[in-house]
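Chemist: Can you keep this structure in mind? I'll have questions shortly.
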């Protein structure tokens, strides 16, 4: 059974052929009204198994270019922030960096944490994290409660990502032309 078959209907999850109702520490599966397929009336699914299946639907994974460092995000992501500042341009060698901003508790490293290097700009409040093997930019601290994740590292779960905000547009390169519908901010994002 895969989670693609499950949808939230009110306070119950509906399978193609059944409703799953949370009762105490278990989920009870019973035929839904108008169901065409046959389901055993009292099929029990452990809450932990269902939770794991539910969690996989929202699991986002990513890794650096060489695969030595990997991570997971367990929230749905959709908004991309694209920074056009001169510091991000120099760090990436391109027109900036596209990132997703998430809460710290939604992120976990799955491998290679010991291979992460960092560099802090001596004359500014800016820091970057990167893979010691391939140099890919890596997730890092955004503020006390959130972190940024470079959108280009996401390998699974990024299907709904869209650029929502362009920041530091006043600092973008003269050759950089913004061609999407993301809201443009002269400086940092306030919102």
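The values are calculated or read from the model by the stated rules, or taken from the named source; none is laboratory data. Just so it is clear, the structure is predicted and the values come from calculations on it, not from any experiment. Note that each Cβ is placed from the backbone with ideal geometry, even for glycine, and that neighbours are counted across all protein chains shown.
Chemist: Does residue 94 meet the test of being part of a loop (DSSP other than H, G, I, E, B) and either within 19 Å of residue 60 (Cα to Cα) or not assigned by TED's automatic domain parsing to the domain that holds residue 65 (or both)? Can you show your working first?
Modeler: On the way: part of a loop (DSSP other than H, G, I, E, B): yes; either within 19 Å of residue 60 (Cα to Cα) or not assigned by TED's automatic domain parsing to the domain that holds residue 65 (or both): no.
So residue 94 fails the test.
Chemist: Can I ask one more? Quick check: anything in region 170-184 crowded, with 19+ Cβ neighbours inside 10 Å, touching a helix residue (DSSP H, G or I) at 6+ places or on another chain (Cβ under 9 Å) and either assigned by TED's automatic domain parsing to the domain that holds residue 65 or at pLDDT 95 or above (or both)?
Modeler: Yes: region 170-184 contains one or more residues that are crowded, with 19+ Cβ neighbours inside 10 Å, touching a helix residue (DSSP H, G or I) at 6+ places or on another chain (Cβ under 9 Å) and either assigned by TED's automatic domain parsing to the domain that holds residue 65 or at pLDDT 95 or above (or both).
Chemist: Here are some conditions: (1) out of contact with any helix residue (DSSP H, G or I) (no Cβ under 8 Å at 6 or more places or on another chain); (2) closer than 18 Å to residue 184 by Cβ. Residue 113 meets all but one. Which one does it not meet?
Modeler: Exception for residue 113: condition (2).
Chemist: Just name the residue that is surrounded by the most Cβ atoms within 10 Å (Cβ to Cβ) out of those in region 97-118 that are part of a helix (DSSP H, G or I) and in contact (Cβ under 8 Å) with a residue 40 or more places away in the chain. Steps first, please.
Modeler: The initial filter retains those residues of region 97-118 that are part of a helix (DSSP H, G or I), namely 104-106, 113-115.
The next check asks that each one be in contact (Cβ under 8 Å) with a residue 40 or more places away in the chain; those that pass are 104, 113, 115.
On the way: 104: 13, 113: 12, 115: 16.
Once the filter is applied, the top-ranked residue is 115.
Chemist: Next question, about the same structure. In region 119-147, which residues are under 20 Å from residue 102 (Cα atoms), touching a helix residue (DSSP H, G or I) at 6+ places or on another chain (Cβ under 8 Å) and not in a strand (DSSP E or B)?
Modeler: Residues satisfying the conditions are 126, 136, 138, 139, 145.
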